[in-house]
Amino acid sequence: MTTSASTYTETLQRLRRHDESTFAQLYDAAYPSIERMVVREGGSVAAAQDVFGEAMLVLLRRINEPTFA
């Protein structure tokens, strides 16, 4: 995933449409670093999965709010 403004906007639009491939890309881009951080701080892989899952739930709940950007 690149981070240009137009790519960011397009990615948000795809996430709002619940595009599975975009969620997969987000997982591929973000999960490994979250897992490393959680494990480095003494947590388990299961804890990292929980953290990522909770973050995805927050994203799904809030992505359509007008203040989400």
Flagged in region 1-18 as modelled with pLDDT under 90, farther than 13 Å from ALA69 by Cα and open to solvent by 70 Å² or more (accessible area, probe 1.4 Å), in numbering order, are MET1, THR2, THR3
Residue that is nearest to THR9 (Cα to Cα) [pool: residues in region 19-43 that are open to solvent by 60 Å² or more (accessible area, probe 1.4 Å) and either acidic (Asp, Glu) or outside any helix (DSSP H, G or I) (or both)]: GLU20
Quick one: ASN64 ticks every box in (1) of a type outside the set (Gly, Ala, Ser); (2) surrounded by 13 or more Cβ atoms within 10 Å (Cβ to Cβ); (3) in contact with a Lys or Arg (Cβ under 7 Å, 6 or more places away or on another chain) except a single one, so which number is it? (2)
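The values are calculated or read from the model by the stated rules, or taken from the named source; none is laboratory data. It should be emphasised that the depicted structure is a prediction, and the values quoted were computed from it without experimental measurement. For neighbour counting, all protein chains shown are included, and Cβ atoms are generated from backbone atoms with ideal geometry for every residue, glycine included. Ligands, DNA and RNA are excluded from the accessible area calculation, which covers all protein heavy atoms including side chains. Shrake-Rupley method; radii C 1.70, N 1.55, O 1.52, S 1.80 Å.
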